[in-house]
Every structure is written in C-alpha cells, then in structure tokens.
Amino acid sequence: MRPTCPDLAPRPGLSRDEMESLQRRVAEAAVFEDDLPFDPARVSLDSPERENETLTNATALGGGADSPPLVAGIDQSFLDDRALSAVVVLRGGEVVERVHAVSELDLPYIPGLLSFREGGPILDALAELNCDPDLLVFDGSGRIHFRQAGLATHLGVVCDAPSVGVAKSLLCGTPDEDVDGRPEGWRTPIRADDSVDPVGGHPAGPETTIGYAFQSRQYDSRPIVNPLYVSPGHRLSAATAVDLVSRLSGSYKLPEPTRLADAYADEAKSQYED
C-alpha cells in the first residue's frame, strides 16, 4: 500500500508551526462523510473469540464479490529509539496478512503531533502489504484532534483510504453525557469545543460531532471499564465510524483489528530484543 498524496505525509525536521500548518492542509483535504468502496453492513467478525488465527493463502487476499472488506488494524511497539509498526489485515474474522517494519523515531511524543512521530514508521509498514485494505483502523485519534487531523486522519488522507481512529483517552472535545459506568454498547457524541480549530470547510463548535465515546465492553468480574473514543479519519462520518468499530468488536475492549495488531507488534518485537 503506497501513499496517494505523498506531499501531505508527515516529515521529520519540520518546525512546530510547519507541522501544525501541514495538519491544517490535511484537515482541509479530509472527507468526514461516507465515501466507501464497500457496504458498512458487510463488515463483521465471523468468530470474534478466535485466539489462534491462521494466515490464509494469497487467494484470500483477493476475496470475491460477496467477501467481507479487508480491514487493517495498525499498532506499534517500541525498541528504544525505534518504532515497530505492525499491520494485521482481516477479512471477516480471518487474518489474511500480517506485516511489520522497524523504523527510526525522529520526535518524542508531543500531544497533538503524534502523526509526526509515528506516521512515517506506519507508512513503512503499510508499504510491506501485498493487499490494499478497504479500511484502516488506527490506535489513535482521527477528527477528535485540535486541528481535526489526528493520526487516523493524517494517514487516511495520505493513503486516500477510509480510516477510523480508536483512542483510549480523549484528546479534546466534550461528551454529550457523562461517560462513567456506562453499559456495553452505549455511545454518546463528542462535540467540538474551544480547543478544536475550524479548518477549511470543517466547522468546530458545540453543534459539530467530531466522534463518539463508545463503551465496547463491561465485565462482571472486573472494575468499570472506560469507554473508547472513536472518530472518523477520512472518508467516514462519525456515526459510521462508531458503527464500524462496534461491528469489529469481539470479546475485548479494543476492536479486533487493533487488538491483533497490538499482539503481533509484541510478538514481532521479541525478534529484535537481546
């Protein structure tokens, strides 16, 4: 999978002002409405509780007219000053491809500028894929971002692929309702607040839904589980983004694509550790 808009890719060596300016260009190019090459109703997990996924042969990558879309989960682990970026591609509940790449890190973590730290390494991993996923699912924010251009938006626009961000904490914006102790399946809109800039044709204000808090799981045997924060990256509406994450949720808090990518990142990391 190669960038469609390489001029918008995150680049090392930019000043903070230049990075924020690039994010605004990305946000202007982003589409926060449904523009999908597949029917969202076809996204599902055949066996969400599967623990021993098996890689299929290349035929599975091509699928068929009635096959579920290819969904790529993306996550990272870290090796000192390097990032190991992992991509796991699912068709339904079956893993059809796994790849990873190890890349140098050029920046520390800076809130709001995550794509400039992790975006290049993720693009390195996506370039290893034999397939072109229909949907990219990121461990990070999309439109829920100060300049409406989080990691999922930035890389979704660069690849011109439908993308969704799934974050564990809320970067900005305000939930319509209190999020504590909500039942499984509950969701509430996240509205833009004063910390979110209007960019291009994308407004920012209390009437603008930039994502959802989504309670993916609760467990009788555990303390209260906090919700996920789901936002459209590119070519998705906020409502469809959270519906897709719900469809991709198995028996765990994280959706299966990013859960499996997280597990694969840890597995692959062991190859590089002393």
Scan the stretch 95-107 and give yes if some residue there is modelled with pLDDT of 95 or more, at negative phi, under 12 Å from the mean Cα position of the chain (by Cα) and not small (Gly, Ala, Ser), otherwise no. no
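What are the residues in the stretch 1-32 that are touching a residue at least 40 places away in the same chain (Cβ under 8 Å) and of a type in the set (Gly, Ala, Ser), if any?
Result: 9, 13, 27, 29, 30.
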List the pairs whose first member sits in the stretch 257-274 and is farther than 16 Å from residue 73 by Cβ and touching a residue at least 60 places away in the same chain (Cβ under 8 Å), whose second member is polar (S, T, N, Q) and assigned to a helix (DSSP H, G or I), and whose Cβ atoms are under 6 Å apart, counting only residues at least 6 apart or on separate chains? none
Elements of type helices (runs of 4 or more DSSP H) in the stretch 57-163, at least 2 residues being of a type outside the set (Ser, Thr, Tyr) and over 25 Å from residue 46 (Cα atoms): 114-126, 151-159
Just give me the residues in the stretch 181-210 being assigned to a loop (DSSP other than H, G, I, E, B) and closer than 12 Å to residue 145 by Cα, in sequence order. 192, 193, 194, 195, 196, 197, 198, 204
Please go through the stretch 234-252 and pick out each residue that is under 22 Å from residue 153 (Cα atoms) and either out of contact with any helix residue (DSSP H, G or I) (no Cβ under 8 Å at 6 or more places or on another chain) or aromatic (Phe, Trp, Tyr) (or both). 237, 238, 239, 241, 242, 245, 246
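So, in the stretch 106-136, how many residues would count as being surrounded by fewer than 18 Cβ atoms within 10 Å (Cβ to Cβ) and not hydroxyl-bearing (Ser, Thr, Tyr)?
10
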Specify the residue that is nearest to residue 115 (Cα to Cα); the eligible residues are those in the stretch 168-181 that are surrounded by 11 or more Cβ atoms within 10 Å (Cβ to Cβ) and either without any contact (Cβ under 8 Å) to a residue 24 or more places away in the chain or over 23 Å from the mean Cα position of the chain (by Cα) (or both). 176
Residue 216 fails exactly one of the following numbered conditions: (1) touching a Ser or Thr at 6+ places or on another chain (Cβ under 8 Å); (2) surrounded by fewer than 22 Cβ atoms within 10 Å (Cβ to Cβ); (3) outside any strand (DSSP E or B). What is the number of that condition? (2)
Selection from the stretch 219-257 of residues more than 12 Å from the chain's Cα centre (by Cα), of a type in the set (A, V, I, L, M, F, W, C) and part of a helix (DSSP H, G or I) yields 238, 239
Scan the stretch 258-266 and tell me whether some residue there is over 13 Å from the mean Cα position of the chain (by Cα), assigned to a strand (DSSP E or B), charged (D, E, K, R) and on the phi < 0 side of the Ramachandran plot. no
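The values are calculated or read from the model by the stated rules, or taken from the named source; none is laboratory data. All values derive from a computational prediction rather than experimental measurement. A quick note on method: Cβ atoms are made from the backbone with ideal geometry, for glycine too, and the neighbour counts reach across all protein chains shown.
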